[in-house]
Amino acid sequence: TGQGATECARCLAGTFAAQADQPCVLASAGFYVQEDEAREQLPCPTGFFSSGTGSVLCVSCEPGTSASETAATGCVPAAPGMFVNDPTVPPQDCQPGRVSTAQRAVLCTRCLAGTFA
């Protein structure tokens, strides 16, 4: 006998324990735990993501990409013909008379005189 616990183990950043009788678990992808001794994981806010487990923070979407929902595990790139200038909003179509020819566009360019889109 004599197998009882003699001290409480701390959950470190990136892990959490919802209840005192459960072991620490890694934060899920799309979530993070910034503090030691956390009781819950937090979802990444819009415009941010975490792709792996055990994240201490969320990463901002790169220009031309977005994460329009919380708990994102990655960012969505703007396809040709679309743009992203706000990482919290999904990719948007270029307006009439404007184009984007590459992925990850942050704006659409106006067609030259004598051309149209």
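The values are calculated or read from the model by the stated rules, or taken from the named source; none is laboratory data. Everything numeric in this text was worked out from a predicted model, so none of it was measured. In this analysis, Cβ positions are derived from the backbone assuming ideal geometry, glycine residues included, and neighbour counts consider all displayed protein chains. For accessibility, only protein heavy atoms count, side chains too; no ligands or nucleic acids. Shrake-Rupley method; radii C 1.70, N 1.55, O 1.52, S 1.80 Å.
Percent of Cα pairs in the chain per distance bin of 10 Å, from zero to the largest separation: 16, 29, 21, 15, 10, 6, 3, 1, 0.
Each residue of the range 58-67 is assigned a 3J(HN,Hα), and the resulting list reads 9, 9, 6, 5, 6, x, x, 10, 8, 9 Hz, derived from the Karplus form 6.51 cos²θ - 1.76 cosθ + 1.60 (θ = phi - 60°), x at Gly and Pro. Rounded to the nearest 0.05, what FRET efficiency do T101 and V59 have when you use their Cβ-Cβ distance and R0 = 25 Å? Given R0 = 25 Å and the Cβ-Cβ separation, E is 0.40.
Cβ distances below 4.7 Å define possible disulfide partners, and in the chain the cysteines left without one are C8, C111.
Karplus-based coupling profile of the range 78-95, in residue order and whole Hz: 5, 7, x, x, 10, 8, 9, 10, 9, x, 9, 10, x, x, 10, 5, 5, 6, with θ = phi - 60° in 6.51 cos²θ - 1.76 cosθ + 1.60 and x standing for Gly or Pro.
Surface composition of the chain: carbon and sulfur make up 55 percent of the accessible area, probe 1.4 Å.
Counting heavy atoms of the protein chains only and a 1.4 Å probe, report the per residue accessible area for the chain as a whole number of Å². Result: 67 Å² per residue. Per-residue surface analysis assigns S51 an accessible area of about 90 Å², computed on protein heavy atoms at 1.4 Å probe radius. Modelled spin-label separation between L12 and R39, with each label point placed 7 Å from Cα along the Cα-to-Cβ direction: 2.4 nm.
Computed over the range 46-111, the range of Cα coordinates on each principal axis works out to 46, 16, 11 Å, biggest value leading.
Across the range 1-114, C-alpha contacts under 8 Å between residues 6 or more apart give a mean separation that, scaled by the residue count, equals a relative contact order of 18 percent. Which of these, A72, A102, A17, has the largest mean-square fluctuation under a Gaussian network model of the chain (Cα springs below 10 Å)? Answer for the Gaussian network model of the chain: A102. Backbone phi angles across the range 21-34, fed through the Karplus curve with coefficients 6.51, -1.76 and 1.60 (θ = phi - 60°), yield HN-Hα couplings of 9, 10, x, 5, 10, 5, 4, 6, 4, x, 10, 8, 9, 8 Hz in residue order; Gly and Pro are listed as x.
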